[in-house]
Amino acid sequence: MTNAKPRGQSLYEEACEVIPGGVNSATRYVGRPYAFTGADGAYITDADGGRYVDYHAAFGAILLGHNEPLVNDAVRGALDGVDLIGAGVTPIEIEFAKLICSVIPSAEMVTNAMSGSEATAYAIRLARAETGRSLIVKFQGGYHGWHDAVARNVISPPSLAYGMDPVSAGILEQALTSTLIAEFNDLSSVQALFDEHPEQIAAVILEPIPHNVGALLPTQEFVEGLRSLTSSAGALLIFDEVITGFRHTLGGYQSVCGITPDLTTFGKAVANGFPLAGLAGPRSLMSRFTSAGGDVALLGTFNGYPIGCAAGIATVSYLRDNPSFYARTETLGERMRSGLRSIVDEFGFAGQVRGFGSVFVLYFMDAPVLGYRDLMRNDDKAYLEFHRRMADAGFFMLPMSLKRNHVSGAHTEDDIDRTLEASRDVLKGMLH
Ligand code: PLP
């Protein structure tokens, strides 16, 4: 008889020796030492051979499915050409920029970076330079990356997730006090900040659907109100479409709600798992970058990374040429949501199923779910228990309460139905 440790446990312990906490991003360790060795289509495989239907999707970066051949082939093709030169421009960067300008309604020009955090940092700096003002408004629960300008009220109360507000120590007090917090779907909370700080607010930044707390759906009145409020106050409106962009539609949520933001950030799904993010906006604003002779620094060794651009072109072209993709993932998302709703109704427990398109979330709370404050009634322990038991059954969801789950183009009706069956068993087990 052997007492061999699971390989995942050994790998995790090995990782802890050389990587802080054994993971390269704090939200990757939530309670269990996972180590993964493979991914294909709708599945991920752990180091002990466990296979899971994956709804985590690398926090939403996987949209077409894992290791999608058309994206991987494009990357291989690009590798045979240009890896990274770092001088001038490569044709692939131009092709990618043109493609983005053709699909994002507000995009006249685009620049790209490696991560969504860099994109929002550029956007905020550009907004401050353009307006000559220093304050930024973000919404409670909105996440826009790890940098100082957006470090407040990402997730609170502190009992949630890794539980820190601001998200980090080591941030200058002035950076924190320059970020004002409003309540999502509550225009009066934004108006109050503009009243309190006249001519001091540079921009309002929002996730049009705050998927970092699951799926709060904006009212049309709210997004329209933000547009007119920011315009009349001389502030910029920044749509952070790092999740909503490409996942829900080709043109992002701005094409759903018909509002034109001043600046748009995108990332994650744009390159189906390869590192690429960007900032898009009108020529008048984007020309302020130093690359165009302006005064806002645009710098980055890996900006315009040709390999990422190749993945981005392959992903976005596929989405453009296959409009039925979104109809399909939305149908699968709806199948999941309505199936979960039936289970909630059958067991009669306080559960709320929400989502949009390919995204779904099960909150462990009663209605309503309109704004962030409502989410404070969510039973986080119950969600984490649900996650743990679903993972044991072979279905991997986001291991953090108040986050969302993602259906990809590789999921099938059968995957969804098996997930629902398992959810039913798991919830039944939790309730009895
Ligand atoms: N904006 C939003 C809406 C996000 O969800 C994220 C990441 O989760 C970011 C920005 C930051 O992107 P990245 O993790 O690529 O830096």
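A few notes on this one:
- Residue under evaluation Ala15, criteria (1) in contact with a Phe, Trp or Tyr (Cβ under 9 Å, 6 or more places away or on another chain); (2) under 26 Å from Met390 (Cα atoms); (3) modelled with pLDDT of 95 or more, criterion not met: (1)
- Residue in the range 13-33 that is touching a residue at least 60 places away in the same chain (Cβ under 8 Å), farther than 18 Å from Asn272 by Cβ and buried (at least 17 other Cβ atoms within 10 Å of the Cβ) present: yes
- Count of residues meeting criterion [closer than 18 Å to Gly116 by Cβ and surrounded by 18 or more Cβ atoms within 10 Å (Cβ to Cβ)] in the range 290-303: 2
- Check on Val344, buried (at least 21 other Cβ atoms within 10 Å of the Cβ) and at pLDDT 95 or above: no
- Within the range 122-138, the set of residues being charged (D, E, K, R) and either part of a helix (DSSP H, G or I) or over 22 Å from the mean Cα position of the chain (by Cα) (or both) comprises Arg125, Arg128, Glu130, Arg133.
- Residue ID - modelled with the lowest pLDDT, chosen from residues in the range 159-204 that are within 20 Å of the chain's Cα centre (by Cα) and among the acidic types (Asp, Glu): Asp165
- Residue in the range 129-148 that is free of Cβ contacts under 8 Å to residues at least 60 places away in the same chain, within 15 Å of the ligand (Cβ to nearest atom) and closer than 21 Å to Gly294 by Cα present: no
- Residue list for the range 139-155, restricted to those being surrounded by fewer than 21 Cβ atoms within 10 Å (Cβ to Cβ) and outside any loop (DSSP other than H, G, I, E, B): Asp148
- Within the range 247-260, considering residues that are touching a Lys or Arg at 6+ places or on another chain (Cβ under 8 Å) and within 24 Å of Leu126 (Cα to Cα), the one surrounded by the most Cβ atoms within 10 Å (Cβ to Cβ): Ile259
- When residues of the range 40-64 are limited to those that are away from the ligand (no atom under 16 Å from the Cβ) and among the β-branched types (Val, Ile, Thr), the one farthest from Ala269 (Cα to Cα): Thr45
- Leading residue by the ranking (surrounded by the most Cβ atoms within 10 Å (Cβ to Cβ)) among those in the range 41-74 that are among the β-branched types (Val, Ile, Thr) and not in a strand (DSSP E or B): Ile62
- In the range 24-39, residue modelled with the highest pLDDT [restricted to those that are within 16 Å of the ligand (Cβ to nearest atom) and more than 22 Å from Lys381 (Cβ to Cβ)]: Asn24
- Selected residue (criterion: nearest to the ligand (Cβ to nearest atom)) from residues of the range 94-121 that are among the aliphatic types (A, V, I, L, M) and assigned to a helix (DSSP H, G or I): Ala119
- Spans of helices (runs of 4 or more DSSP H) in the range 185-295 with at least 1 residues over 14 Å from Pro105 (Cβ atoms) and away from the ligand (no atom under 11 Å from the Cβ): 187-196, 220-233, 283-286
- Some residue of the range 363-378 being assigned to a helix (DSSP H, G or I), surrounded by fewer than 16 Cβ atoms within 10 Å (Cβ to Cβ) and assigned by TED's automatic domain parsing to the domain that holds Asp46: yes
- Selected residue (criterion: farthest from Ile307 (Cα to Cα)) from residues of the range 75-93 that are hydrophobic (A, V, I, L, M, F, W, C) and part of a loop (DSSP other than H, G, I, E, B): Ala87
The values are calculated or read from the model by the stated rules, or taken from the named source; none is laboratory data. Being a predicted model, the structure only gives us computed values, none of them experimental. Because the Cβ atoms are built from the backbone with ideal geometry, glycine has one as well, and the counts that use them run over all protein chains shown.
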